[in-house]
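Some notes on the structure that comes next.
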Amino acid sequence: MRMHLKTMGQVLWNLGLIAVGSCVCAVALNGILIPNGFVSGGVAGLSLIVHHLMPALPVSILYLIFNIPLFALGWKYVGRRFFLYSIVGTFIFSSAVQWIYIPLPVSDKFLCAILAGIIMGVGTGIILRSDGSSGGTDILSVMVLTRFAIRMGNTVIAFNTAILMITALIFSLESALYTLIFIYVTAHFMDLVVTGLSQRKSVMIISRSQDEIVRTIMKTLNRGVTVIKGRGGYSGELNDIIYTVITFRELSRLKRLITSIDPDAFVVVSDTTEVIGHRIGNQPHW
């Protein structure tokens, strides 16, 4: 019974994220993109292009139609749970676009492109924090991320190159440039919401006090540590390399601890694209 309630809670939580994110995206679409004649990226962009050419066709219906081929990709290359959530998410997103309209009093087109990108990026990021998506290029982005570890924002930008070319040819170069600004801002804020707010750092430490540093990391920070055998290239001395993954908020604390133990320690801190694993992972399990 408890497991059933937990499962139901997870389903409701994921659907809630998809619904909230879809509503946020609908604000950008209906409040900025459509009134200003802008074009988005991906499937939403294709829907907007067709809608601008044939206003009688609503964006919500076009979005559903254009998603059908991507559903086939989602079923073949992405997890079944993600696929099923994405089907539901597509209908939720289309419904939000159909019914939610909040006018935003911004007249400058450059500012409109930036504001729309912020809103759309946050909305898309919220959706992708769930176990599904709202369809469209989200499916393609997750597929590329899980198979090739390429950031979702980069995939979106690459995929949208064709949309920009079509926009420049059919409408104008100016419209394509505004669309480029919108897409770039969207990708940045989407990455920020999905991984940036829970950014993990990988840390490599070389020190003569490695045993004490290892004990301190495990006891004080409660993080796992891997000790790798290494050898100095110049001196030829054998040295243990300490490797750990921590949160961004723990980084300054870790540096203080290392300095207090060994001020001469050699420390390398690297950003992570994604981390999957118990306790320290920061990626939704799509």
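None of the figures in this text is laboratory data; all of them are computed from the coordinates on show. Predicted model, so just to flag it, every value in this text is computed and none were measured. Reconstructed Cβ throughout: ideal geometry from the backbone, glycine too, with neighbour counts over all protein chains shown.
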Fill in the blank from the handout: With Rg from the Cα atoms and Rh as the Kirkwood inverse mean 1/r over Cα pairs, the chain has an Rg/Rh of 1.09
Completion exercise
Within the set Leu84, Leu29, Leu257, GNM on the chain using Cα springs under 10 Å gives the largest fluctuation to Leu257
Problem - Burial order of peptide ranges 228-235, 177-184 (average beta-carbon count within 10 Å, highest first) - result: 177-184, 228-235
Exercise for the section: Please sort 7-20, 35-48, 107-120 by packing, taking for each peptide the average over its residues of neighbouring beta carbons within 10 angstrom, highest first. Expected result: 35-48, 107-120, 7-20
Practice task
For helix 2-28, report the angle its Cα long axis makes with the longest principal axis of the Cα atoms of the chain; keep it between 0 and 90° and round to the nearest 10°.
Solution key: 60
Practice task
Using only Cα atoms, figure out Rg for the stretch 200-271 and give it as a multiple of 2.2 N^0.38 Å.
Solution key: 1.04
Handout entry: Note, ³J(HN,Hα) from phi for the stretch 259-266, Karplus 6.51, -1.76, 1.60, rounded to Hz, x at Gly and Pro
Key = 4, 5, 8, 9, x, 9, 5, 9
Problem - Expected 222 nm ellipticity per residue - DSSP helices of 4 or more, -39500 (n - 2.57), all of the chain, to 500 - result: -19500 deg cm²/dmol
Handout entry: For the stretch 122-229: Kirkwood Rh in Å [reciprocal of mean 1/r, alpha carbons]
Key = 16.9
